[in-house]
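Quick notes on the structure that follows.
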């Protein structure tokens, strides 16, 4: 992995490479997408985390274009966390550099930071969660499991699609069951409380803004999916 003093410099160099690349890469998406309005307006059909994110930075005086730089900065920090975890796991520096270059080469990933949609912060939290997963699978320590569950809960709060990460938690626990450093009841409590934190905060914010006027895109989404199935069947 290299001398300790050189590791932060390597991580900083890689994340700087990504940041500079993201700044100069042609943007595949516009600043405002058709769906952006529902986040900007804090619509009750959206979960509250990203609209609250926009509202907070808007109150601080940032415009939408400036907020995209915050999104890039958050991803750069999450990438630094992941790269440090990969180094601890023994991944070679050459492969890490190639990975960073590959992230930039995708074009779509760096473009996500420059649009007012949930993708950028969702990917940032996902990236941090992968770093904690690597550390947990390496050590079995409950603090990393707690961090994983916090991230997954926050992912669910940002986008309900985050529930797709839930099955990975019991699998990880099972893989490290023999190395757990707390009793099973404490482990269960850590998982439940950490997972619940993000959704609970999201519900508090949502109800604080919308009260009982709750709505969801799920019925519309399911109707659209059904229409696609019928169309494909008729075709």
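Within region 100-122, restricting attention to residues that are over 15 Å from residue 19 (Cβ atoms) and modelled with pLDDT of 95 or more, the residue that is surrounded by the fewest Cβ atoms within 10 Å (Cβ to Cβ) is 102. For region 188-227, the tally of residues that are modelled with pLDDT of 55 or more, over 21 Å from residue 141 (Cα atoms) and in a helix (DSSP H, G or I) stands at 13. Exactly one residue out of 147, 131, 80 is in a helix (DSSP H, G or I), buried (at least 21 other Cβ atoms within 10 Å of the Cβ) and in contact with a helix residue (DSSP H, G or I) (Cβ under 6 Å, 6 or more places away or on another chain): that is 131. The sole residue among 34, 26 that is modelled with pLDDT under 95, loosely packed, with under 14 Cβ neighbours inside 10 Å and farther than 30 Å from residue 214 by Cβ is 26. Against the test of being part of a helix (DSSP H, G or I) and touching a helix residue (DSSP H, G or I) at 6+ places or on another chain (Cβ under 6 Å), the options 137, 154, 98 yield a single qualifying residue, 154.
Inspect region 161-176 for any residue being in a helix (DSSP H, G or I), touching a residue at least 40 places away in the same chain (Cβ under 8 Å) and touching a helix residue (DSSP H, G or I) at 6+ places or on another chain (Cβ under 6 Å) and give the result as yes or no.
Pass one, region 161-176, residues in a helix (DSSP H, G or I): 161-165, 168-175.
Adding the requirement that they be touching a residue at least 40 places away in the same chain (Cβ under 8 Å) leaves 162.
Next, only the ones that are touching a helix residue (DSSP H, G or I) at 6+ places or on another chain (Cβ under 6 Å) stay: 162.
Among the residues of region 161-176, at least one is in a helix (DSSP H, G or I), touching a residue at least 40 places away in the same chain (Cβ under 8 Å) and touching a helix residue (DSSP H, G or I) at 6+ places or on another chain (Cβ under 6 Å), which makes the answer yes.
The values are calculated or read from the model by the stated rules, or taken from the named source; none is laboratory data. On a predicted model such as this, the values are computed, not experimentally measured, just so you know. Positions of Cβ are backbone-derived with ideal geometry, glycine not excepted, and every protein chain shown enters the neighbour counts.
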